[in-house]
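To start, the structure under review is shown below, and the notes come after it.
The values are calculated or read from the model by the stated rules, or taken from the named source; none is laboratory data. Computed from a prediction, not measured in an experiment: that's the story for all the values here. Don't worry about glycine lacking a Cβ; one is built from the backbone with ideal geometry, like all the others, and counts go over all protein chains shown. Areas reflect the complete protein model, heavy atoms only, side chains present, ligands, DNA and RNA absent. Shrake-Rupley method; radii C 1.70, N 1.55, O 1.52, S 1.80 Å.
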Amino acid sequence: QVQLVESGGGLVQAGGSLRLSCVASGGIFRINAMGWYRQAPGKQRELVAFSVSGGRTEYRDFAKGRFTISRDNAKNTVYLQMNSLKPEDTAVYYCYADIRTSLGAISSTYWGQGTQVTVSS
């Protein structure tokens, strides 16, 4: 059974940095895309960044220049390095992965449980 476990959230002052990690495990044949969403209180979940097989990465405008997504394919892990954090970055951050569990299976999306990031002013 596929599981995604996040870590690295916490409380940081504005201008500080955090590094989120997300490890996928359990019955994985191949991981296509991995990425991060976030959800602030009272707002809809929004995409932050993603990385697809082959190395292409994409960022939302608010993340460009401040956040960096990277993957360690050998460890089935995706990271989100967040620098120059702002109070408006406060949210629960969720990782996701599009995973095939066998050669003949279609890709399904799996989600982590979320990790809280709080940026104080």
(message) Restricting to the stretch 47-62, give me the number of residues that are under 12 Å from the mean Cα position of the chain (by Cα) and either loosely packed, with under 10 Cβ neighbours inside 10 Å or closer than 17 Å to GLU88 by Cα (or both).
(response) 4
(request) Output the number of residues of the stretch 6-22 satisfying the condition of being over 20 Å from TYR59 (Cα atoms) and assigned to a strand (DSSP E or B). (result) 5
(request) Can you run down the residue pairs with Cβ atoms below 8 Å, 6 or more apart or on separate chains, where the first is in the stretch 18-34 and under 30 Å from PRO87 (Cα atoms) and the partner is of a type in the set (Asp, Glu) and open to solvent by less than 20 Å² (accessible area, probe 1.4 Å)? (result) LEU20/GLU6; SER21/GLU6; CYS22/GLU6
(request) Could you check, for the stretch 64-79, whether at least one of its residues is in contact (Cβ under 8 Å) with a residue 60 or more places away in the chain, touching a Phe, Trp or Tyr at 6+ places or on another chain (Cβ under 9 Å) and either crowded, with 19+ Cβ neighbours inside 10 Å or not charged (D, E, K, R) (or both)? (result) no
(request) Test each condition in (1) open to solvent by less than 60 Å² (accessible area, probe 1.4 Å); (2) assigned to a loop (DSSP other than H, G, I, E, B) for GLN44 and report the one that comes out false. (result) (1)
